[in-house]
Amino acid sequence: MIKEIISGFIGSISLLLFYFVVMGVSSGSWPATISQFRELWYWMLLLSIGFGIQIGLFVHLRNNVKNPKGLQHSGKVTATSTGTSAVSMIACCAHHLSEVLPIIGLSGAAVFLTRYQIRLIILGIFMNLFGITYMIRIIRKIKNSHIPS
């Protein structure tokens, strides 16, 4: 159980660090990074905590489950949620990326990410909730299949 908690904690912290690195680099200013985080801290923490819980559940499944099919689907759900969480975090930084993205032909992406920033974060939170629910269901299903009738 300790491995799962540590993995979840590391996942949560890693997602927050990802935000701070991307935001810090894209804005070129740590005060702007901190200011942006202060505006959206509750969303960021929900996203990060949900992601950490999902990582902890995935580690539990990987370490304790002998059902490769269930594990394979859980891995896909975790990967999808990871991508959604990362895009949600990047959405917070998009207005700073708008100076760089047109150079590489992605000005539409910058506008989209900036315009739908909060919605993308909420989508990331819901994807985390879906992943958590899915993995808990798999864990329960596997536990119930091992109980003799």
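The values are calculated or read from the model by the stated rules, or taken from the named source; none is laboratory data. Computed from a prediction, not measured in an experiment: that's the story for all the values here. With ideal geometry, Cβ positions are generated from the backbone for all residues, glycine too; neighbour counts draw on all protein chains shown.
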Checked against (1) closer than 24 Å to R140 by Cα; (2) exposed (fewer than 14 other Cβ atoms within 10 Å of the Cβ), G28 satisfies every condition except (1)
Here the qualifying pairs (Cβ atoms under 6 Å; residues six or more apart or on different chains; first in segment 135-146 and over 16 Å from Q54 (Cβ atoms); second at pLDDT below 85 and assigned to a helix (DSSP H, G or I)) come out as none
